[in-house]
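The values are calculated or read from the model by the stated rules, or taken from the named source; none is laboratory data. This is a predicted model, so every value here is computed, not measured. A quick note on method: Cβ atoms are made from the backbone with ideal geometry, for glycine too, and the neighbour counts reach across all protein chains shown. Surface accessibility is based on the protein's heavy atoms, side chains included, excluding ligands, DNA and RNA. Shrake-Rupley method; radii C 1.70, N 1.55, O 1.52, S 1.80 Å.
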Amino acid sequence: MPRPAIDLFRETFGTTPRAAASAPGRVNLIGEHTDYNGGPVLPIAIAQRTSAAVGPGRDGDAGVLEAISTRYPQVVRVKWQEELPKGWAAYVAGVLRELWALEVLPPDGPVRVAVASDLPVGAGLASSAALSLAVAKALAPSLNPRQIAGVAFRAEHDHVGVRCGVMDQTISALGKRDHAVLLECASLEAKQIPFSARLLLVDTGVRHDLSAGGLNQRRAECEAAVKRLKVELPELVWLASWPAEWLPRLKRALREPLRSRAVHVVSETARTRFGAQLLQQGKLKRFGELLYESHESCRRLYECSSPELDTIVSVAKRAGALGARLTGAGWGGAAIVLLSKRDNKTIPAIQRAYERVYGKTPLVSEVKASAGAHTERL
Ligand code: GLA
């Protein structure tokens, strides 16, 4: 098995790392933009992973982080408590700060980190969560998966400043082969649901930067919607808790664009819980229909799709795929397509149509629900 993070550590620092771990990216089957609204999500961990090798820094380098990755082969050197580096190493520094707050790391420990990944960045596959998880797991192998997910979430949310929800870090920690996880993000209750259907990932190649992108804006809109809806229902804490049967009342209470954003969150919440039930009953066809409905809601109401994603989804539908939708935050990135066992039409149909419209071939791969974060042998 290739061990590029460990090799990179040795080549860069001239010593053997003390520990190593890896963590997967994810695709979300359904439940988009519900996590930070206290609703459910239904993601799987995928086979593509990020690995981190870690070890102590030089004596006398108190409080210094030295970090390198195969993707950015320039050593970043910062005092991790005083300064948050720019770019990818900010996630690493965020993890160090969180582990320090938990008293797992000493405050002035010099740390070296080498990272390697086969996850594309900005493709909507949660590469940043995989990075934070892998580093946290390597540095603190004794923390349990929930704790590791919490460290990685706070690194990204509190330190880097991406107003993400808990989905990406949680599935990267809890993922299990041939299973999706139904995660209720308000209570953090998680349930493993068997999932081994044929699933395609179609990468548009259009990249987004979440810390600068629309996620923060959507989150602010959802908060504004909750504030207004509290007039109707003072107990309301999470937008996703608004009762689905009260949609007419919600529509009367909110103006656009808050109305559309809130209708998406409330209806996506119902779809996701229903979708998990359908998967458990093996009703893949009906589950696929929910994926199309979810995409339509993301496109029309949450306005987080892109023309490339819409092309993939509508071509998949015409070709007879069971379901398709954007996955992750949207605004580019990737779509998923659910296929029946014998479907041999959808892949060529998507490739042909995409080439015709955009003049390039999208990256199409089959994904399987895979294991979550774990330590690696040295
Ligand atoms: C990004 C965030 C997640 C989630 C999705 C949208 O991937 O990191 O927490 O909010 O967007 O569902």
What are the residues in segment 275-296 that are surrounded by fewer than 18 Cβ atoms within 10 Å (Cβ to Cβ) and under 21 Å from the mean Cα position of the chain (by Cα), if any?
293, 296
Which residues, taken from segment 228-274, are β-branched (Val, Ile, Thr), closer than 16 Å to residue 38 by Cβ and open to solvent by 30 Å² or more (accessible area, probe 1.4 Å)?
237
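I'm trying to understand the selection: among the residues of segment 248-275, which are of a type in the set (Gly, Ala, Ser) and touching a Leu at 6+ places or on another chain (Cβ under 9 Å)?
The initial filter retains those residues of segment 248-275 that are of a type in the set (Gly, Ala, Ser), namely 253, 260, 262, 267, 270, 275.
Correct list: 253, 260, 262, 267, 275.
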Among (1) open to solvent by 10 Å² or more (accessible area, probe 1.4 Å); (2) out of contact with any Pro (no Cβ under 8 Å at 6 or more places or on another chain); (3) assigned to a helix (DSSP H, G or I), the one test that residue 305 misses
(3)
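Of all residues in segment 272-304, how many are of a type in the set (D, E, K, R) and closer than 21 Å to residue 124 by Cα?
So the answer is 5.
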Report, ordered by the first and then the second residue, all pairs with beta carbons closer than 8 Å, sequence separation of six or more or different chains, a first member in segment 237-266 that is touching a residue at least 24 places away in the same chain (Cβ under 8 Å) and more than 23 Å from residue 291 (Cα to Cα), and a second member that is among the hydrophobic types (A, V, I, L, M, F, W, C) and open to solvent by 70 Å² or more (accessible area, probe 1.4 Å).
253/231
Sole residue being touching a strand residue (DSSP E or B) at 6+ places or on another chain (Cβ under 8 Å), closer than 17 Å to residue 372 by Cα, within 16 Å of the ligand (Cβ to nearest atom) and open to solvent by less than 10 Å² (accessible area, probe 1.4 Å), chosen from 125, 174, 131, 182
125
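Within segment 147-159, can you find the residues that are small (Gly, Ala, Ser) and within 12 Å of the ligand (Cβ to nearest atom)?
First, pick out the residues of segment 147-159 that are small (Gly, Ala, Ser): 149-150, 152, 155.
Selection gives 149, 152.
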Out of the strands (runs of 3 or more DSSP E) lying entirely within segment 1-99, which hold 3 or more residues that are buried (at least 17 other Cβ atoms within 10 Å of the Cβ) and within 16 Å of the ligand (Cβ to nearest atom)?
19-28, 43-56
Against the condition within 14 Å of the ligand (Cβ to nearest atom), open to solvent by less than 20 Å² (accessible area, probe 1.4 Å) and not assigned by TED's automatic domain parsing to the domain that holds residue 315, how does residue 162 come out, does it pass?
yes
Here are the criteria: (1) within 13 Å of the ligand (Cβ to nearest atom); (2) more than 29 Å from residue 305 (Cβ to Cβ). Tell me which single one residue 115 does not satisfy.
(1)
